[in-house]
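A.B. asks: Have a look at this one before I ask anything.
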Amino acid sequence: MTAFVSLNGPDNSGKSTQARRLARSWDGFCDLGPVHRHDPASWSRVSGPEFGMWWFTTSTTEELTHLLFSGHEARAQALPSGRVGLLDRGWHMLLATAVATCAVKESLPIEAAWDRVLALLGTQEPHPAEVLVLLLPSPDTERSVAIAQSREGRPWTGVYLDYQRHLHRVLLRMAGRGVFAGVVSGPSHGIGETHALIRRILAAHGVNTSSGPHPVQEGRLP
């Protein structure tokens, strides 16, 4: 049986909305959420008003990568027996986050940042294995960033905008390499249609959420 399903994508792609919906659709899921939930002590030491400064300036790539993946390991260990873990951002999404941040922080090309982070991890394979679904506003980088930014309700500027552009590029590169079990892309999909597409992808990879969804109000992705 598949042990983990991850929903991945940049900010404002609908990950959390769809994770909640999946968790409600089938009681076999255990919604494990994001990594910071499972390593609160470490995250509390760096969070707060200066979190952005720590993330992009004062932290090292080693520190940030360790923070992300130690939380991921703790999250995997929290899965109850007999359930399928539902992850808000899986192993490859955390890799994309670390790579994009490294590229911005150290002024590196994406491939060099990719190699640097993988060298720190010591592996190119996710642990534990996941069925990965990517939610992406658009298959075009600039269009995708523009859509995601418009959903934020305020403009992205400076280093954060630079980071988002790198993140979208890394995710598109991963998609081109066949990392994800499926990609749901495009701003025209409503929440219900996106949910149906995700369930279809999961069913094709052996995750049968056949108990049927509870009624949820329809709308566009946030």
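The values are calculated or read from the model by the stated rules, or taken from the named source; none is laboratory data. Quick caveat: nothing in here was measured; it's all calculated off a predicted structure. Cβ atoms come from the backbone with ideal geometry, glycine included; neighbour counts cover every protein chain shown.
A.B. asks: Restricting attention to the range 58-77, report how many residues are assigned to a helix (DSSP H, G or I), more than 17 Å from the chain's Cα centre (by Cα) and under 19 Å from residue 120 (Cα atoms).
C.D. replies: Qualifying residue count, the range 58-77: 4.
A.B. asks: Does any residue in the range 130-155 that is closer than 21 Å to residue 90 by Cβ and touching a residue at least 12 places away in the same chain (Cβ under 8 Å) come within less than 7 Å, Cβ to Cβ, of a residue that is assigned to a strand (DSSP E or B) and β-branched (Val, Ile, Thr) six or more places away or on a different chain, and which pairs are these?
C.D. replies: So the pair list comes out as 130/5; 131/5; 133/184; 134/183; 135/184; 136/183.
A.B. asks: Related question: Name every residue in the range 185-206 that is small (Gly, Ala, Ser) and not in a strand (DSSP E or B), in order of residue number.
C.D. replies: Passing the criteria: 186, 188, 192, 196, 203, 204, 206.
A.B. asks: Give the residues of the range 78-111 that are more than 13 Å from the chain's Cα centre (by Cα), charged (D, E, K, R) and outside any helix (DSSP H, G or I), sorted by residue number.
C.D. replies: Within the range 78-111, 83, 106 meet the criteria.
A.B. asks: Quick test of your reading of the structure: residue 154 fulfils all but one of (1) of a type in the set (D, E, K, R); (2) surrounded by 17 or more Cβ atoms within 10 Å (Cβ to Cβ); (3) part of a loop (DSSP other than H, G, I, E, B). Name the failing condition by number.
C.D. replies: All conditions are met except number (2).
A.B. asks: Quick check on residue 103: is it over 26 Å from residue 4 (Cβ atoms) and crowded, with 23+ Cβ neighbours inside 10 Å?
C.D. replies: yes
A.B. asks: Here are some residues: 28, 52. Which one is more than 30 Å from residue 200 (Cβ to Cβ) and at pLDDT below 95?
C.D. replies: Only one candidate passes the filter, namely 52.
A.B. asks: Same structure again: Name every residue in the range 26-52 that is among the hydrophobic types (A, V, I, L, M, F, W, C), surrounded by 13 or more Cβ atoms within 10 Å (Cβ to Cβ) and either in contact with a Lys or Arg (Cβ under 6 Å, 6 or more places away or on another chain) or more than 30 Å from residue 82 (Cβ to Cβ) (or both), in order of residue number.
C.D. replies: Across the range 26-52, the qualifying residues are 30, 32, 35, 46.
A.B. asks: So if I check each of 23, 100, which one is in contact with a strand residue (DSSP E or B) (Cβ under 6 Å, 6 or more places away or on another chain) and among the small types (Gly, Ala, Ser)?
C.D. replies: The conditions single out 23.
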